[in-house]
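Student: My questions all concern the structure below.
Coordinate-derived values only; no laboratory data. The model shown is predicted, which means the values in this text are computed figures rather than measured ones. Using ideal geometry, Cβ is built from the backbone for each residue, glycine included, and neighbour counts are taken over all protein chains shown.
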Amino acid sequence: MSAVRSSHWDTVYSEKGEAQTSWFRARLDESLRLIDALDLARDQPVLDVGGGRSTLVDDLLSRGFRDVSVLDLSGVALDETRRRLGAKADAVHWVVGDVTRAEWPPVALWHDRAVLHFLVDADERARYVAAASCTVQAGGHAVIGVFAADGPERCSGLPVARYDAPALAALFKDSFELIATSRDVHRTPAGGSQAFTYAVLRRRGGDNA
Ligand SMILES: C[S@@+](CC[C@H](N)C(=O)[O-])C[C@H]1O[C@@H](n2cnc3c(N)ncnc32)[C@H](O)[C@@H]1O
């Protein structure tokens with residue numbers, strides 16, 4: 001499944017410019033607002049899951065974060081992002097992989113905008129939650145943005161799962177407590193609207209079980 005998925009995303013990123021992808025925005029304002037509110041120390045490790053070509057990494061570096069990783073299924077997307085960053089890309093850990101299929105080093109912040117909602121299979125979702133639970137240190141945070149209950153039913157030709165805030169909190173309830181939620185309406189490059197639900201979650205406990 002991962003190989004099929006990564007080839008889907010590599011094709012999308014090879015064939016479409018930013019303005020041709022509905023999820024593109026010049027700056028991930030809502031993610032940044034929620035991350036800024038956490039006031040993290042700049043030496044804390046941060047992971048952007050499914051970062052693609054987004055400019056979140058640029059903004060994290062410009063805020064002084066020194067331990068930033070970007071993970072994505074698509075090597076094509078990450079190569080483009082590295083090229084955009086130029087020399088600054090050397091300061092970032094780039095990982096091509098499936099978030100549901102591997103172990104990641106511990107982080108203080110897990111960020112995901114528009115990735116989790118592609119996991120429509122309950123087992124895959126459970127693996128995502130397990131990965132986040134193992135990766136986020138106790139007391140660390142996850143900032144997750146997914147399509148809202150009234151958001152699109154598909155994206156990039158793929159089906160999606162949609163969430164209101166209680167449903168998103170319920171998915172993570174065994175390991176994370178809900179700190180904040182918000183709603184963001186994204187204007188797509190083509191002029192459409194996509195409603196997102198965001199959750200800020202705090203990893204419980206001192207054991208990463
Ligand atoms: C809609 S795009 C969002 C990209 C970026 N987060 C943004 O907001 O611009 C979804 C991204 O998730 C990546 N992706 C999808 N499934 C994934 C998985 N299982 N593991 C890692 N990345 C994945 C895709 O390659 C794509 O870059």
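Student: Give me the pairs, please: first residue somewhere in region 31-48 and within 9 Å of V143 (Cβ to Cβ), second residue anywhere and part of a helix (DSSP H, G or I) and not small (G, A, S), beta-carbon distance under 8 Å, and either six or more positions apart or on two chains.
Tutor: Within 8 Å, the pairs are S31/L56; I35/L60.
Student: Hey, another quick one. Checking the structure you have, find out if any residue of region 111-125 is surrounded by 14 or more Cβ atoms within 10 Å (Cβ to Cβ) and more than 13 Å from the ligand (Cβ to nearest atom).
Tutor: no
Student: Does V70 meet the test of being part of a strand (DSSP E or B), within 14 Å of the ligand (Cβ to nearest atom), of a type outside the set (S, T, Y) and under 14 Å from the mean Cα position of the chain (by Cα)?
Tutor: Details: part of a strand (DSSP E or B): yes; within 14 Å of the ligand (Cβ to nearest atom): yes; of a type outside the set (S, T, Y): yes; under 14 Å from the mean Cα position of the chain (by Cα): yes.
Considered against the rule, which asks whether it is part of a strand (DSSP E or B), within 14 Å of the ligand (Cβ to nearest atom), of a type outside the set (S, T, Y) and under 14 Å from the mean Cα position of the chain (by Cα), V70 comes out as yes.
Student: Does V4 qualify as being within 13 Å of the ligand (Cβ to nearest atom), among the β-branched types (V, I, T) and over 15 Å from the mean Cα position of the chain (by Cα)? Outline the logic, then answer.
Tutor: Details: within 13 Å of the ligand (Cβ to nearest atom): yes; among the β-branched types (V, I, T): yes; over 15 Å from the mean Cα position of the chain (by Cα): yes.
Here the answer is yes, as V4 does meet what is asked.
Student: Please go through region 14-53 and pick out each residue that is farther than 23 Å from P105 by Cβ, of a type in the set (D, E) and within 13 Å of the ligand (Cβ to nearest atom).
Tutor: Correct list: E18, D29, E30.
Student: Within region 164-188, count every residue that is surrounded by 16 or more Cβ atoms within 10 Å (Cβ to Cβ) and touching a helix residue (DSSP H, G or I) at 6+ places or on another chain (Cβ under 7 Å).
Tutor: Of the residues in that region, 6 qualify.
Student: Moving on to the next point. Tell me, which strands (runs of 3 or more DSSP E) wholly within region 103-209 include 3 or more residues that are over 16 Å from L71 (Cα atoms) and not charged (D, E, K, R)?
Tutor: On the way: elements: 107-113, 136-147, 176-187, 193-203.
The strands (runs of 3 or more DSSP E) meeting that bar are 136-147, 176-187, 193-203.
Student: Tell me, please, whether a residue that is within 15 Å of the ligand (Cβ to nearest atom), without any contact (Cβ under 8 Å) to a residue 40 or more places away in the chain and in contact with a helix residue (DSSP H, G or I) (Cβ under 9 Å, 6 or more places away or on another chain) can be found in region 127-137.
Tutor: There is at least one residue in region 127-137 that is within 15 Å of the ligand (Cβ to nearest atom), without any contact (Cβ under 8 Å) to a residue 40 or more places away in the chain and in contact with a helix residue (DSSP H, G or I) (Cβ under 9 Å, 6 or more places away or on another chain).
Student: While we're here: Please indicate, with yes or no, whether at least one residue in region 146-168 is in contact with a Leu (Cβ under 6 Å, 6 or more places away or on another chain), under 22 Å from S2 (Cα atoms), touching a residue at least 12 places away in the same chain (Cβ under 8 Å) and hydroxyl-bearing (S, T, Y). Even if it seems obvious, please write down each step before you answer.
Tutor: Kept after step one, since they are in contact with a Leu (Cβ under 6 Å, 6 or more places away or on another chain), are these residues of region 146-168: 146.
Of the ones still in play, those that are also under 22 Å from S2 (Cα atoms) are 146.
Still in the running and touching a residue at least 12 places away in the same chain (Cβ under 8 Å): 146.
Narrowing the set further to residues that are hydroxyl-bearing (S, T, Y) leaves none.
No - not one qualifying residue is present in region 146-168.
The rows are residues; the columns are (1) within 16 Å of the chain's Cα centre (by Cα); (2) assigned to a helix (DSSP H, G or I); (3) of a type in the set (F, W, Y).
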| position | (1), (2), (3) |
| --- | --- |
| V12 | no, yes, no |
| A19 | no, yes, no |
| F24 | yes, no, yes |
| R33 | yes, yes, no |
| L78 | yes, yes, no |
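Student: Quick check: anything in region 52-68 touching a residue at least 60 places away in the same chain (Cβ under 8 Å) and touching a helix residue (DSSP H, G or I) at 6+ places or on another chain (Cβ under 6 Å)?
Tutor: Our first condition is that a residue be touching a residue at least 60 places away in the same chain (Cβ under 8 Å); within region 52-68, this holds for none.
No, because not a single residue in region 52-68 is touching a residue at least 60 places away in the same chain (Cβ under 8 Å) and touching a helix residue (DSSP H, G or I) at 6+ places or on another chain (Cβ under 6 Å).
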